[in-house]
1. Determine the percent antiparallel among the DSSP beta bridges restricted to the stretch 6-210, to the nearest 5.
2. List the residues, sorted by chain then number, that are 5 or more residues from Ser191 or on another chain and whose placed amide H is less than 5 Å from its amide H.
3. What span do the alpha-carbon atoms of the stretch 2-112 cover on each of the three principal axes, reported in whole Å from largest to smallest?
4. Considering the stretch 53-152, what Rg and Dmax in Å follow from its alpha-carbon atoms?
5. What distance in nm lies between label points placed 7 Å from Cα along the C-beta direction at Ala121 and Ala176?
6. How would you order 90-99, 131-140 from highest to lowest mean count of nearby Cβ atoms within 10 Å?
7. Run through every distinct alpha carbon pair of the chain and return the Kirkwood hydrodynamic radius in angstroms, one decimal place.
8. Using each residue's phi in the stretch 203-210, evaluate 6.51 cos²θ - 1.76 cosθ + 1.60 at θ = phi - 60° and report the 3J(HN,Hα) Karplus result to the nearest Hz, with x for Gly and Pro.
Amino acid sequence: MSEFDEDAIETARKIFAGPVAFLKSAPALEHLPDPVVPEVAFAGRSNVGKSSLLNKLTNRNSLARTSNTPGRTQELNFFDVGEPLAFRLVDMPGYGFAKAPKDVVRKWRYLVNDFLRGRQALKRALVLIDARHGIKDVDREIMDMLDKAAVSYRLVLTKADKIKPTELDKVAAETAEEARKRPAAHPDILSTSSETGLGMPELRAAVIEALG
Ligand SMILES: Nc1nc2c(ncn2[C@@H]2O[C@H](COP(=O)(O)OP(=O)(O)O)[C@@H](O)[C@H]2O)c(=O)[nH]1
Ligand SMILES: [Mg+2]
């Protein structure tokens with residue numbers, strides 16, 4: 001059962017079938033675009049499937065690059081949705097890359113923390129979790145940052161096609177259990193696959209819902 005009704009799903013489908021365009025990369029806060037429309041951000045550890053998900057979500061093949069060198073891209077990427085401009089998607093730099101040098105990790109922490117704390121336009125974050133692994137400590141770090149910055153967020157399981165449905169149910173239940181203990185987390189978990197398209201209509205609806 002979906003928490004979204006047919007109208008919400010259809011409205012979201014239409015919006016994402018329309019124009020979506022890369023706006024800019026911001027390697028530091030002074031490069032952020034003017035916050036003229038609401039924003040929804042995507043976060044997740046390197047290799048979680050964030051680029052694939054953004055491409056699938058927006059029906060594009062190569063909107064977000066899918067083969068960035070892990071741990072290297074420490075930038076916020078902004079995408080304009082709608083014409084006239086309706087809202088923006090923000091691709092946040094991946095984290096949790098084992099071999100990332102300390103200064104890269106430090107830079108990530110400052111950039112993300114400053115963005116989360118200072119960005120009025122940011123309505124919600126979607127934190128992607130690999131369905132095969134569930135929530136890891138690196139994910140808990142960004143969840144802590146979101147809770148402290150009081151930015152509401154939703155946990156999204158990725159690569160659901162890689163595990164059996166019974167396992168997926170189990171991971172989703174464990175993830176929901178942890179989400180319920182988090183002040184800024186949405187209690188419902190979305191399960192997705194960029195491979196099969198599972199959960200995409202709901203994820204689109206979740207983005208639109210987040211805009212308020
Ligand atoms: N089976 C499967 N593989 C996926 C899925 N999403 C991403 N991948 C693969 O996982 C790897 C990392 O994906 P990518 O989108 O680049 O992850 P990112 O580092 O989070 O942006 C790539 O080899 C993708 O093809 C999915 O839903 N199912
Ligand atoms: Mg990527």
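1. In the stretch 6-210, approximately 35 percent of DSSP beta bridges are antiparallel ones.
2. Here Leu157 satisfy the definition.
3. 47, 30, 26
4. Rg and Dmax of the stretch 53-152, Cα atoms, are 14.2, 42 Å.
5. Going from the Ala121 label point to the Ala176 one covers 3.5 nm.
6. Packing proxy ranking, top to bottom: 90-99, 131-140.
7. About 17.2 Å, per the Kirkwood formula over Cα pairs.
8. 5, 4, 5, 5, 5, 5, 4, 5
The values are calculated or read from the model by the stated rules, or taken from the named source; none is laboratory data. Predicted, not measured: the structure shown is a model, and the values here were computed from it. FYI the Cβ positions are ideal-geometry reconstructions off the backbone, even for glycines, and counts take in every protein chain you see. Side chains included, ligands, DNA and RNA excluded: accessible areas come from the protein's heavy atoms. Shrake-Rupley method; radii C 1.70, N 1.55, O 1.52, S 1.80 Å.
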